[in-house]
Amino acid sequence: MTAHEASLRADPALVEIWVNGWALTRGTPPPVREGEALRVDVGLPDQRLRYVYARWSEAVARRARELDTPWCFLKVCASSEEVRPGLPPAWEIRPPGFMMRCDGPMRGNAQLPSGYALDLSGGSPVTLARVFTADGQEAARGRMACVGDVAIYDRIATEPGHRRRGLARSLLLALEAVARARGSRRGLLVATTDGRALYETLGWNLHSLYTTAVIPGPEGV
């Protein structure tokens, strides 16, 4: 983490757009405003709910002290170095995330390599994209939802045996074409460390660091 990255502050309006789009792509109820947080009732065994904050503040620390239920998540647009000292010991910091934005067309060639085919399904509000091999195996997947003029990209993933072949790039550009046809000209997503490198080659920029904290519980509960 550089000093510049640590100094970045997320735009609360964009964070709210992203949370609304994330809820659409995941099929959860819409987020609910609770003070500085947006709460999403995810309803999964290993993610009951999440509170998303556009910045670190005492409100995050207070929420962390109040919660003691496993698989409740705090998502904060700040560095882990800023977040960790304010959390009780029961909270675990997960690998770093990166909120990214793209304010213009992505760069790159959308053509898939030989032996792969793209399938787009769904529609408004969520479009699903999948890349298949010639024998019908799913090699890559992702989804996108539009919130106003912003497209939210989510769950972009490539199977290990098919990585470094440009599949995710082609999939993202195909989803972008759908988004632009709907009037969306900007993009938002949260990337992993590995994913960030790909998105930067496509013209995405870091908007803010993104830290996840959770009270872990028994697996499968």
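The values are calculated or read from the model by the stated rules, or taken from the named source; none is laboratory data. No experiment lies behind these values; they were computed from the predicted model shown. Please note: Cβ atoms are built from the backbone with ideal geometry, for glycine as well, and neighbour counts cover all protein chains shown.
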Arg55 within 30 Å of Gly217 (Cβ to Cβ), within 16 Å of the chain's Cα centre (by Cα), charged (D, E, K, R) and not assigned by TED's automatic domain parsing to the domain that holds Glu176: no
Can you tell me how many residues within region 70-103 are hydrophobic (A, V, I, L, M, F, W, C) and in a loop (DSSP other than H, G, I, E, B)? 6
With respect to the numbered conditions (1) within 16 Å of Asp103 (Cα to Cα); (2) buried (at least 22 other Cβ atoms within 10 Å of the Cβ); (3) hydrophobic (A, V, I, L, M, F, W, C), which one is the sole condition not fulfilled by Leu206? (2)
Any residue at all in region 104-115 that is outside any strand (DSSP E or B), hydroxyl-bearing (Ser, Thr, Tyr) and loosely packed, with under 12 Cβ neighbours inside 10 Å? yes
Strands (runs of 3 or more DSSP E) wholly inside region 117-221 that include at least 3 residues being farther than 22 Å from Ile17 by Cα: 126-133, 138-147
